[in-house]
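Only one structure is covered here, and it is reproduced in the block below.
The values are calculated or read from the model by the stated rules, or taken from the named source; none is laboratory data. Bear in mind the structure is a predicted one, so any value in this text is a computation, not a measurement. Virtual Cβ from ideal backbone geometry, glycine too; neighbours counted across all protein chains shown. Surface accessibility is based on the protein's heavy atoms, side chains included, excluding ligands, DNA and RNA. Shrake-Rupley method; radii C 1.70, N 1.55, O 1.52, S 1.80 Å.
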Amino acid sequence: GRRYLDLTSAQGVTMLGHCHPALSRAIAEQAQTLISCPNFLYNDVRARFAAKLVEVLPPHLNHVFLANSGAEAIDGALKFARLTTGRTRSIAFRSAFHGRTVGAVSLTWEKKYREPFQPLLDVTHLPYNNLAAVEEALDESVGAVFLEIVQGEGGVNIGDGDFLRGVERLCRERGALLVIDEIQTGFGRTGRWFGFEHHGLAPDMICLAKGLGAGFPMGAIAYTDRVQDTLYPGAHGSTFGGNPLASAAGLAAIETYQADGLIERSAVMGDHFLRRLREELADVVLVRDIRGIGLMLAVELRQKAGSYLRALMEEQGVLALPAGPNVIRFLPPLTITEDEVEIGVQALRTVLQQ
């Protein structure tokens with residue numbers, strides 16, 4: 001019977017909050033019509049969803065492959081990059097998190113996820129926001145550079161615009177693909193539809209999940225004509241990817257983001273949340289830094305965050321996430337209200353002052 005305020009969006013996915021009526025209704029209605037449909041057959045709701053997804057993407061990302069998760073989207077992007085470039089090495093970044101399948105964990109930095117499964121794919125991990133390191137490492141063996149606009153699991157580390165644009169330029173000059181992981185940052189999390197839009201980037205591929213279905217499991221890869229031209233029947237596939245139930249959820253989610261102005265609202269509410277955190281925690285010695293973009297916020301502490309996260313949940317009924325050992329992360333739904341922001345801020349102040 002306890003009430004909880006979920007400021008994690010169930011790990012960044014329930015962008016409309018839990019059980020939003022438009023999403024629940026779309027899933028229930030589709031479940032009474034058709035749940036599964038093989039992808040070699042035409043399906044009306046899948047077609048409408050794919051068209052709606054391409055509508056909110058920049059024009060050069062005019063092809064989509066529908067998958068089941070973020071990690072599956074990353075694995076597909078690895079395959080597409082190999083087909084497009086003929087190269088087998090990838091570049092990723094320290095503190096990156098891209099998932100836990102063999103392909104995705106090859107790109108992930110954290111050793112505890114990687115080491116038990118060595119040898120993995122050929123990936124070079126470079127320091128984030130260090131363009132000189134990329135310039136030195138990006139040679140003719142590199143097929144793709146994978147990066148996050150904001151490293152969520154790594155600590156809400158925000159990419160520098162000059163660094164991100166420099167990586168794009170180097171990829172263009174040296175024939176590698178730029179693959180941006182928008183799994184956590186996509187669909188309004190940063191105050192734009194996609195995080196790369198803050199910096200005027202034009203990636204070759206982006207990987208999507210989390211907010212794509214607003215809580216319903218699904219993923220996608222969006223990519224350019226250059227990538228599409230190298231694919232062939234059987235190059236990649238998915239039994240459940242783009243199934244009618246997932247497509248109905250994704251379509252309802254995107255239509256709700258548009259109809260309710262939630263992408264723009266994320267920027268406004270994110271600024272408000274960040275300001276209130278800075279105002280209320282300014283005198284808390286335990287706090288080292290407060291940072292964020294849109295509704296992706298972090299409070300970095302001077303000691304490990306685990307006990308404070310437990311106190312938030314158990315004593316205050318507020319759910320937050322870790323992001324590395326000493327960072328408390330907030331990923332609230334795009335529908336969050338000012339009153340709910342205040343509950344979260346005051347709860348955090350209380351546990352940090354104990």
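Annotation: residue 294 fulfils all but one of (1) within 25 Å of the chain's Cα centre (by Cα); (2) open to solvent by 20 Å² or more (accessible area, probe 1.4 Å); (3) not hydrophobic (A, V, I, L, M, F, W, C); the unmet one is (2).
Just wondering, is there one or more residues in the range 77-94 that are within 24 Å of residue 295 (Cα to Cα) and in contact with a helix residue (DSSP H, G or I) (Cβ under 8 Å, 6 or more places away or on another chain)? No; the residues of the range 77-94 include none that is within 24 Å of residue 295 (Cα to Cα) and in contact with a helix residue (DSSP H, G or I) (Cβ under 8 Å, 6 or more places away or on another chain). Among the candidates 86, 99, single out the residue that is surrounded by fewer than 14 Cβ atoms within 10 Å (Cβ to Cβ), at positive phi and touching a Gly at 6+ places or on another chain (Cβ under 9 Å). Answer to the selection: 86. Applying the criterion of being touching a residue at least 60 places away in the same chain (Cβ under 8 Å), hydrophobic (A, V, I, L, M, F, W, C) and closer than 30 Å to residue 346 by Cα to the residues of the range 1-45, the residue that is surrounded by the fewest Cβ atoms within 10 Å (Cβ to Cβ) is 10. The listed residues are 202, 235, 253, and the only one of them that is among the aliphatic types (A, V, I, L, M) and closer than 25 Å to residue 6 by Cα turns out to be 253. Number of residues in the range 29-62 that are in a helix (DSSP H, G or I), of a type outside the set (Gly, Ala, Ser) and more than 17 Å from residue 182 (Cα to Cα) equals 8.
In this entry, residue 48 is excluded by the filter for residues that are open to solvent by 60 Å² or more (accessible area, probe 1.4 Å) and closer than 20 Å to residue 185 by Cβ.
One residue stands out in the range 51-75 among those that are in contact (Cβ under 8 Å) with a residue 60 or more places away in the chain and farther than 24 Å from residue 252 by Cβ: the one that is least open to solvent (accessible area, probe 1.4 Å), namely 74.
For the range 332-351, the count of residues that are without any contact (Cβ under 8 Å) to a residue 24 or more places away in the chain and more than 24 Å from the chain's Cα centre (by Cα) is at least one. Per this entry, residue 283 is not counted among residues that are touching a residue at least 12 places away in the same chain (Cβ under 8 Å), surrounded by fewer than 21 Cβ atoms within 10 Å (Cβ to Cβ) and over 19 Å from the mean Cα position of the chain (by Cα).
What number of residues within the range 289-309 are without any contact (Cβ under 8 Å) to a residue 24 or more places away in the chain and under 11 Å from residue 326 (Cα atoms)?
Going residue by residue through the range 289-309, those that are without any contact (Cβ under 8 Å) to a residue 24 or more places away in the chain are 289-290, 303-307, 309.
From what is left, the residues that are under 11 Å from residue 326 (Cα atoms) are 289, 303-307, 309.
The qualifying residues number 7.
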